[in-house]
Amino acid sequence: MSNELRQNKLTKEWVIVAPSRGRRPHDNRPALPATPTFAANCPFCPGNEHMLPYVIAQWPPQTQGAWQTRVVPNKYPALVPENSSEHISDGFYLHMPGYGHHEVIIESPHHNADLASLTLPEMNMVLTTYRARYTMMRQDARNTLVLLFRNHGPRAGASLTHPHSQLIATGIIPRHIRWQEDEARRYFDEWGRCIYCDVLAFEANDRRRVIMETPHFLAFVPYAAEVPFETWIVPKRHHADFEQITEAEQHDLATTLHSFLVRLRDALDDPDYNSMIITSIRRGADEYLHWYVRVRPRLVTRAGFEIGSG
């Protein structure tokens with residue numbers, strides 16, 4: 001395949017696809033020591049609760065005994081709920097206090113676990129926790145954005161080894177998210193269809209970029225992927241909000257996501273990656289928006305051209 005430019009239908013942005021860049025010389029990744037099941041200095045390991053501010057919730061939800069997932073406040077939060085969400089004029093500029101929520105979702109009591117190593121019931125429990133916390137945050141009208149994301153490995157921004165994801169709820173809407181939703185709305189206004197459904201239908205028929213297909217989801221590399229091996233896991237049923245996922249879809253997503261992460265780990269030697277649930281920021285966007293899971297491996301480093309050009 002030769003180098004080429006491809007346009008992302010969802011944003012109208014262009015990306016450069018350059019397979020030859022992958023043949024550049026790199027240092028070999030050093031072998032890492034085995035990770036223990038329990039770490040005495042890890043705040044997320046059972047028995048180390050004194051290192052946590054407090055526990056918000058856990059699943060199964062009994063107050064005592066074994067747990068599979070836990071939700072705790074981030075000890076170093078980017079945003080805190082005690083602050084006001086009021087927008088304040090500062091002369092020519094605009095600012096607001098750091099209102100929001102910043103939670104950590106501990107995905108397993110085992111320090112050396114990972115999503116790819118969990119059983120399917122354990123993976124489903126993680127998704128149950130995601131949905132419960134997402135639904136809770138959406139009930140507060142001040143939270144215009146609720147983002148669930150996972151940083152796997154130091155290059156992806158993970159500072160702790162113990163398997164965990166994060167949730168951040170804010171009172172602002174980042175420009176690129178608003179822009180992407182506006183593009184989807186413009187497409188619906190022009191064609192009367194959801195652009196995500198059209199992309200899904202094309203990829204399901206074309207098959208060249210499909211990784212796997214299950215009863216409820218299609219996993220594929222997007223046509224204008226921004227990084228190598230970027231993957232979207234998209235529900236076949238059209239709905240805008242992750243909160244609307246059915247029990248059958250959740251079980252299927254657990255299977256799909258787990259299978260994909262196992263493949264990613266085995267094929268690419270457990271690469272660092274970021275994953276996130278892309279879901280609607282607006283109520284009433286069901287006609288033109290479509291939620292999905294996005295996984296972006298950290299196999300390349302943004303350099304001068306990428307940063308300077310976007």
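Observations on the structure shown:
- For region 93-128, the list of GluC sites (Glu not before Pro) that fall in a loop by DSSP and count at most 15 other C-beta atoms within 10 angstrom is empty.
- Net dipole in debye of region 54-300 [+1 Lys, Arg Cβ; -1 Asp, Glu Cβ; about Cα centre; nearest 20]: 180
- Fraction of accessible area attributable to carbon and sulfur, region 114-261 (%, probe 1.4 Å): 57
- Calculated accessible area for region 175-305 comes out at 48 Å² per residue, all protein chains present (probe 1.4 Å; ligands, DNA, RNA ignored).
- Cα-based Kirkwood hydrodynamic radius, region 229-310, one decimal, Å: 14.6
- Top of Asp90, Asp252, Asp182 by mean-square fluctuation, Gaussian network on the chain, Cα under 10 Å: Asp90
- From helices alone, the chain scores -8000 deg cm²/dmol at 222 nm; the rule is -39500 (n - 2.57) for each run of n ≥ 4 DSSP H residues, then divide by the residue total.
- Along the axis of the charge dipole computed for the chain (Cβ charges of +1 for Lys and Arg, -1 for Asp and Glu, origin at the Cα centre), the listed residues Val72, Ser165, Tyr134 are led at the positive end by Ser165.
The values are calculated or read from the model by the stated rules, or taken from the named source; none is laboratory data. Because the structure is a prediction, the values reported are computed rather than measured. Don't worry about glycine lacking a Cβ; one is built from the backbone with ideal geometry, like all the others, and counts go over all protein chains shown. For accessibility, only protein heavy atoms count, side chains too; no ligands or nucleic acids. Shrake-Rupley method; radii C 1.70, N 1.55, O 1.52, S 1.80 Å.
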